[in-house]
Amino acid sequence: MKLIKKLFGFFWDKSLLIFAIIGGLNTVVSMVGSFLLRNYAGWGLFAATATMYAVCSVASFYFNRKYSFKSKAPLGQSIFRFTVVVTVCFLLSYGLNHLAMPWMRANWFPNINELWYSAIQIVGIQVVFTLLNYVGQRLWAFKE
């Protein structure tokens, strides 16, 4: 019970709310951009999502450093750590998606069209990324 209380206390604070607002805006921009690049510009899933994550990460760094975590850590250290966290989280979420989605498609929705499948892939990557990213930023990227 103590562990559950501790986990709840870790996740349920003001930084999570601000992170969620910033992340929500970034998510909309990233997902729309990824979807457009993938389905209308003909980019591959990795290129489309990686590009949009990189673009949105610039705003995310600034706003999360200043408002979510109110970090006073040295700027260079924060940039390096943030970059590592975002990169690792993206690669993990993309990799897990790449492993899970073909199985899910074959077993749960074999007749889904490509447009919907692409949208589900992008949402799946985003969900896993967001969860891992919050933990990484809070525990390491913006620590002083």
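Could you figure out which of (1) more than 18 Å from the chain's Cα centre (by Cα); (2) open to solvent by 40 Å² or more (accessible area, probe 1.4 Å) isn't true of Phe80?
(1)
From the list Ile18, Ile4, pick out the single residue that is over 14 Å from Ala141 (Cβ atoms), in contact with a Phe, Trp or Tyr (Cβ under 6 Å, 6 or more places away or on another chain) and either surrounded by 11 or more Cβ atoms within 10 Å (Cβ to Cβ) or free of Cβ contacts under 8 Å to residues at least 60 places away in the same chain (or both).
Numbers: Ile4 fails: in contact with a Phe, Trp or Tyr (Cβ under 6 Å, 6 or more places away or on another chain).
Among Ile18, Ile4, only Ile18 is over 14 Å from Ala141 (Cβ atoms), in contact with a Phe, Trp or Tyr (Cβ under 6 Å, 6 or more places away or on another chain) and either surrounded by 11 or more Cβ atoms within 10 Å (Cβ to Cβ) or free of Cβ contacts under 8 Å to residues at least 60 places away in the same chain (or both).
Step by step: first the residues of the stretch 60-93, then only those that are of a type in the set (D, E, K, R) and not in a helix (DSSP H, G or I), then the one that is nearest to Phe46 (Cα to Cα). Which residue is that?
At the first step, the residues of the stretch 60-93 found to be of a type in the set (D, E, K, R) are 65-66, 70, 72, 81.
Next, only the ones that are not in a helix (DSSP H, G or I) stay: 70, 72.
Details: Lys70: 32, Lys72: 34 Å.
Applying the filter and picking the extreme gives Lys70.
Looking only at residues that are of a type outside the set (Ser, Thr, Tyr) and surrounded by fewer than 17 Cβ atoms within 10 Å (Cβ to Cβ) in the stretch 83-93, which one is farthest from the chain's Cα centre (by Cα)? Lay out the reasoning, then the answer.
Step one: filter the stretch 83-93 for residues of a type outside the set (Ser, Thr, Tyr), giving 84-86, 88-92.
From what's left, surrounded by fewer than 17 Cβ atoms within 10 Å (Cβ to Cβ): 84, 88, 91-92.
On the way: Val84: 13, Val88: 10, Leu91: 10, Leu92: 10 Å.
Across the stretch 83-93, the extreme among qualifying residues is Val84.
Can you tell me which residue in the stretch 94-144 is farthest from Ser57 (Cα to Cα), limited to those that are touching a residue at least 40 places away in the same chain (Cβ under 8 Å), open to solvent by 20 Å² or more (accessible area, probe 1.4 Å) and in a loop (DSSP other than H, G, I, E, B)?
This residue is Glu144.
Any idea how many residues of the stretch 64-77 are under 19 Å from Gly23 (Cβ atoms) and surrounded by fewer than 17 Cβ atoms within 10 Å (Cβ to Cβ)? Steps first, please.
Let us first name the residues in the stretch 64-77 that are under 19 Å from Gly23 (Cβ atoms), namely 64-71.
Still in the running and surrounded by fewer than 17 Cβ atoms within 10 Å (Cβ to Cβ): 66-67, 70.
Of the residues in that region, 3 qualify.
All but one of (1) at pLDDT 95 or above; (2) touching a Phe, Trp or Tyr at 6+ places or on another chain (Cβ under 7 Å) hold for Ser93, so report the exception by its number.
The number of the failed condition is (1).
The values are calculated or read from the model by the stated rules, or taken from the named source; none is laboratory data. What you are looking at is a predicted structure, and each value in this text was computed from that prediction instead of being measured. Cβ sites come from the backbone with ideal geometry, for glycine too, and all protein chains shown count toward neighbours. SASA here: full protein model, heavy atoms, side chains in, ligands and nucleic acids out. Shrake-Rupley method; radii C 1.70, N 1.55, O 1.52, S 1.80 Å.
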